[in-house]
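Heads up: the structure comes next, in structure tokens.
The values are calculated or read from the model by the stated rules, or taken from the named source; none is laboratory data. Fair warning: this is a prediction, and the values are worked out from it, not measured in the lab. Quick reminder, even Gly has a Cβ in these numbers, built from the backbone with ideal geometry, and neighbours come from all protein chains shown. Surface accessibility is based on the protein's heavy atoms, side chains included, excluding ligands, DNA and RNA. Shrake-Rupley method; radii C 1.70, N 1.55, O 1.52, S 1.80 Å.
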Protein chains: 2
Amino acid sequence: MQHQFSVQGMTCGHCERAVVHAVREVDTEAVVRVDLGSGQVTVESDKSRDAIANAIREEGYQVAA
Amino acid sequence: MQHQFSVQGMTCGHCERAVVHAVREVDTEAVVRVDLGSGQVTVESDKSRDAIANAIREEGYQVAA
């Protein structure tokens, strides 16, 4: 399943990696793409949208509902 | 000795930690203060200014001469 998130607060490559790692902690097999410029994060995963969004939020970023 | 650097490119707490760690790899006892807003990095260290500046540059940030 593909989930799309609009994430605020990612400013650099460290942030990108932090988000990717946070998602992978929820689903080690997730495929995560981050577009820093637009803040768009695309996740292919069988986990729920909420579980993934919460993982990103816990990393300190805002995720649009 | 206190060194003052004007560093460009630090955007977030990850960057701050990356710079602190880079300086500490040159001098494990360095005291490093980072002001993200202004980009000012203050380092108390017996190592040379050049050695510290180069460590910060190698981390991917621009240091004013």
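Structural remarks
- Total accessible surface hidden between A and B, rounded to 100 Å², 1.4 Å probe: 400 Å²
- Of all accessible heavy-atom area on region A:1-50, the percent that carbon and sulfur account for (1.4 Å): 43 percent
- In order along region B:41-55, the phi-based Karplus estimate (6.51 cos²θ - 1.76 cosθ + 1.60, θ = phi - 60°) of 3J(HN,Hα) comes to 10, 10, 10, 9, 6, 8, 6, 6, 4, 5, 4, 6, 4, 5, 4 Hz; Gly and Pro are listed as x.
- Inter-copy label distances for residue A:62: 2.8 nm (label point placed 7 Å from Cα along Cα→Cβ; shortest first).
- Equivalent ellipsoid dimensions for the protein assembly as shown as semi-axes, Å, which come from the Cα gyration tensor, largest first: 36, 13, 11
- Take chain B with all the other protein chains still there, run a 1.4 Å probe, and you get 57 Å² of accessible area per residue.
- FRET efficiency, residue A:48 to residue A:11 (Cβ-Cβ, R0 35 Å, nearest 0.05): 0.80
- Convex hull volume per residue for region A:2-63, taking Cα atoms only, in Å³: 63 Å³
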